[in-house]
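The values are calculated or read from the model by the stated rules, or taken from the named source; none is laboratory data. Please read these numbers as outputs of a predicted model, since none were measured by experiment. We place every Cβ from the backbone using ideal geometry, glycine too, and count neighbours over all the protein chains shown. What goes into the accessible areas is simple: the full protein's heavy atoms, side chains included, and nothing from ligands, DNA or RNA. Shrake-Rupley method; radii C 1.70, N 1.55, O 1.52, S 1.80 Å.
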Amino acid sequence: MRIAVIGGSTAGLATALRLQQSGHEVSVWERRAGAPTGGFGLLLTPSVYHSLEQIGVDLGHRVHAIEQCQILESEGTSLLSQPMHSTAGVERKALVEELMSALQPGTLQTGTSFVDFERDERGIATAALFDDGRRQSADLFIGADGVRSRVRKHHVPGTALTPVRTVELVGMCQGDRVPEAMRGRFLKAIRPGDGIAIGLVPASDNSIVWYIQCDPRRWPQVLLPLQQRQNWLLDELRHWPTLIEETIAGSDLPRVHLWRTTDRDLPTTFHRGNVLLVGDAAHPLLTFTSQGTGSAIEDALAIGDLLDDHDLADAGAMDRTLGAFARFRRPVLQKRLQMGRRMQREFLRPSRRSLLEVPVCC
C-alpha cells in the first residue's frame, strides 16, 4: 500500500518505520529543513523501551540511565525519594536520528509544508499538496504533524484544543560530564502553593534537560520578551537549590523554548475517510505524565498491526480498520488524559498528595 505520512518528528518517523517493516511504500513529509529534531529531551519509560525494540531501534549508549526520582521543596527539603526501574533520559535529537537512520533511503522529504488534500467526488483524499508545488498521491494518509496539526484542521477537525493553563520553559545544559550529584537522578523541586516547579533530567552523559512549569497567571514574567524573561529567570533562580541554579544558568538561555501546554478531549475516532491522525495530532497530552512520545510510538505499532491483520480491499474496509485503531487506543489514552488533567489541577491548587507523586505515568 502507498502511505504518505505528514510530519517527520517522533510520531511520523516511528509510524513510517513500523509500516516499512510490513512492506508498505511509505513517504514522510516534514515542514522543517534538515533533521526534524524539535524539543530537547525526554524520559524513556520501560514501555517506551519495549516499543522501540519492536521497531528495531536501539539507543544503546545514547541514553542516561535514571535510577532515582527525588522531589524537593524549593529551599532543598526532600519530600520524596523513589527508585525508578528501566528508565532513561535521552536527547530528542538522538532519538530522532536513530529513527531516521532506520528508515529506507529516500523516505524523508524535508523543507515542505502540507497545504491541503485533493479529494475525489466522495470526499476521499487522493493526494497531499505541499507549498513547494509537490503532490503526493497515496492510498492512506497519516497526519503526524503535532499539537496544532494542519491535517486535523483541514480534514479531521474533531474536538478543540483546551485553553492553556500551564506553560513550560525548556532548555538544555551541556558540558563535559553530568555532575556527580545528577548522575542517575531525576530531580524535581516545587514551591508549594506558588504554581511553579523545576525539573532536571540527564539526557546523556554530558547533557541535562531542564524545565520550569508555571501558572502564567501567577508568573506572567514567563511570557515576557526574551531578554526580559532571561533577566527574570536568572534572578528567580537565586531562590532555588544551587544545583538547579547552576545547571540552568549554565545553559544557552537564548535557545530556551516556551511551551504552551494543552490537550483536547478524545474524539470518538481519529480518522475521516482514508486520513488518520496519530501522536499529538490525534491526542495531545499534558506534559505532567511524560507520555507524549511513548503514546506516539504505541500508535505506530497499533496501526501497523491493524493494517497487517485486515484486508483493505475497499473504502469500507479502510474505514472499519481505522475505526478499530481508535477503539483500541482510546482506553489507555483516556487514562493518561485524565491523569494529566488531575496532576495539572493539583499543580495549580497544590495538595500534599500532588507533591508526593512521581511525575511519570506508565
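Both radii come from the Cα set of the chain: Rg as radius of gyration, Rh as Kirkwood radius; their ratio Rg/Rh reads 0.98. H257 sits among other residues whose Cβ lies under 13 Å from its own Cβ, and their net charge, with Lys and Arg +1 and Asp and Glu -1, is +2. Summing Lys and Arg as +1 and Asp and Glu as -1 over all other residues whose Cβ lies under 15 Å from the Cβ of R122 gives a net charge of -4.
Going by alpha carbons, how many degrees (0 to 90, nearest 10) lie between the helix axis of 292-309 and the longest principal axis of the chain? Helix 292-309 and the main axis of the chain meet at about 20 degrees. The slack between L129 and Q230, meaning 0.36 nm per residue of separation minus the straight C-alpha distance, is 32.3 nm. Counting only DSSP beta bridges whose two residues both lie in the chain, roughly 70 percent are antiparallel. Placing a label point 7 Å from the Cα of S137 along the Cα-to-Cβ direction, the residues of segment 4-19 whose backbone N falls under 19 Å from that point are 4-6. Sorting R135, R152 by solvent-accessible area of protein heavy atoms yields R135, R152, largest first, with a 1.4 Å probe. An ellipsoid equivalent to segment 1-120, defined through the eigenvalues of its Cα gyration tensor, has semi-axes of 34, 17, 12 Å when rounded to whole angstrom and sorted largest first.
Annotation for E97 and S81: the two label points, set 7 Å from Cα along the Cα-Cβ direction, are 3.4 nm apart. Which stretch or stretches of segment 86-129 have amide N atoms under 16 Å from the point lying 7 Å from D252's Cα along the Cα→Cβ direction? Counting backbone N atoms under 16 Å from the label point, the list is 91-94. Each of D311 and N206 was given a label point 7 Å from its Cα along the Cα-to-Cβ line. The distance between the two points is 5.6 nm.
With all protein chains in place and ligands, DNA and RNA left out, the 1.4 Å accessible area ranks Y211, Y49 as Y49, Y211, largest first. Using a 7 Å offset from Cα along Cα-Cβ at H239, what residues in segment 65-85 end up with backbone N under 14 Å from the label point? Taking a point 7 Å out along Cα→Cβ of H239, the residues of segment 65-85 whose backbone N falls under 14 Å are 74-76. The portion of the accessible surface of the chain made up by carbon and sulfur, rounded to a whole percent, is 48 (1.4 Å probe; DNA, RNA and ligands excluded). In this structure, the amide hydrogen of D116, modeled 1.01 Å from its nitrogen in the peptide plane, lies closer than 5 angstrom to those of L129, counting only residues at least 5 positions away or on a different chain.
Give the percent of DSSP beta bridges with both residues in segment 1-114 that are antiparallel, rounded to the nearest 5. In segment 1-114, DSSP labels about 60 percent of beta bridges as antiparallel.
Kindly state, to the nearest 0.05, the FRET efficiency for M1 paired with K153, given R0 = 25 Å and r defined as their beta-carbon distance. In this case the efficiency is close to 0.50. Think of a 1.4 Å ball rolled over the protein heavy atoms: segment 34-102 then has 44 Å² of accessible area per residue.
Count charges around E168 for me, please; just the other residues with Cβ under 14 Å from its Cβ, Lys/Arg as +1, Asp/Glu as -1. Overall, the nearby charge balance is +2. To the nearest µm²/s, what D does Stokes-Einstein give for segment 177-270 at 37 °C and 0.692 mPa s, using the Kirkwood radius over alpha carbon pairs as Rh? Taking Rh from Cα pairs, D becomes 221 µm²/s. A straight Cα-to-Cα reach below 26 Å connects K188 with the lysines K93, K335, residues fewer than 8 places away in its own chain not being considered. With all protein chains kept in place, the per residue accessible area of segment 217-285 amounts to 47 square angstrom at a probe of 1.4 angstrom.
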